[in-house]
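These notes concern the structure reproduced below.
The values are calculated or read from the model by the stated rules, or taken from the named source; none is laboratory data. Since we're looking at a predicted model, the values are computed, not measured. Quick reminder, even Gly has a Cβ in these numbers, built from the backbone with ideal geometry, and neighbours come from all protein chains shown. The area values use the complete protein model at the heavy-atom level, side chains included, leaving out ligands, DNA and RNA. Shrake-Rupley method; radii C 1.70, N 1.55, O 1.52, S 1.80 Å.
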Amino acid sequence: MENQEQNSREPINPEIENLEGGMDVTYHLEHEDVVNTLTVYNKEVHGTKGRTIQLIVCAVLIVGFTFSFIKDPTYIMGLVLAIVSLLLGVLIWFMPKIQINTQAKAIAQQDNTYSISFRKDSVVIGEGEGLYNILYTDPVEAYENNQYFLLVFKKSKIFCIPKRFIEKDLLNIRILLKDGLGERFHDLMIKESVNSQKPDGPDPEQK
């Protein structure tokens, strides 16, 4: 069993085994990078369950108040409350996108050039007062999709590394993060691949 597990793992580059200084990367983030990063963060870390429940409650209120007004046209307050519930639902639906775009614009106006070093036991991000030396044993999780590596430290600090800047070391970085974080490394590429292969219409095999 142990030999099978070893054979199923990705081969480790000998350079990684002897890695001392780290694989250093300098990159910058565009507005689109920040938007995509915060979108993945909200979905994978915060989750959408709370917002879904709020939208369901709004839908129930809209139906209830609208039905009450149809049943009794003199119940003007029912119509007012139905409209208020509709506006609240629209606000709940669009608020995350508004917040993400606002944050992305603010970050894009700053000096958004970053440096990162992937090491055997840690990831070192930034420099000077903004230096983070994050050990793999720290409360950190990594998410990988088709465009980015996303590191989330203590569920509050977010670090996005676009793959276009690390194409040469992409496989080695993935191996380092997988080995270092274990179950805290989340491969979102499988989920994205499944979603992209889903047909738009009904399943032709279903009758």
Kirkwood Rh in Å, taken over all unlike Cα pairs in segment 20-149: 18.5 Å
Estimated FRET transfer efficiency (LEU188, THR113; beta-carbon r; R0 25 Å; 0.05): 0.45
Of LYS43/LYS120; LYS97/LYS155; LYS105/LYS178; LYS105/LYS163; LYS120/LYS155; LYS105/LYS168, pairs whose Cα-Cα distance is over 24 Å: LYS43/LYS120; LYS105/LYS178; LYS105/LYS168
ILE98 paired with TYR75, simple spin-label distance in nm, labels 7 Å along Cα-to-beta-carbon: 3.0 nm
Shape call, segment 139-192: gyration tensor on alpha carbons, a/c limit 1.5: rounded
Exposure rank, largest accessible area first [TYR132, TYR41; 1.4 Å]: TYR132, TYR41
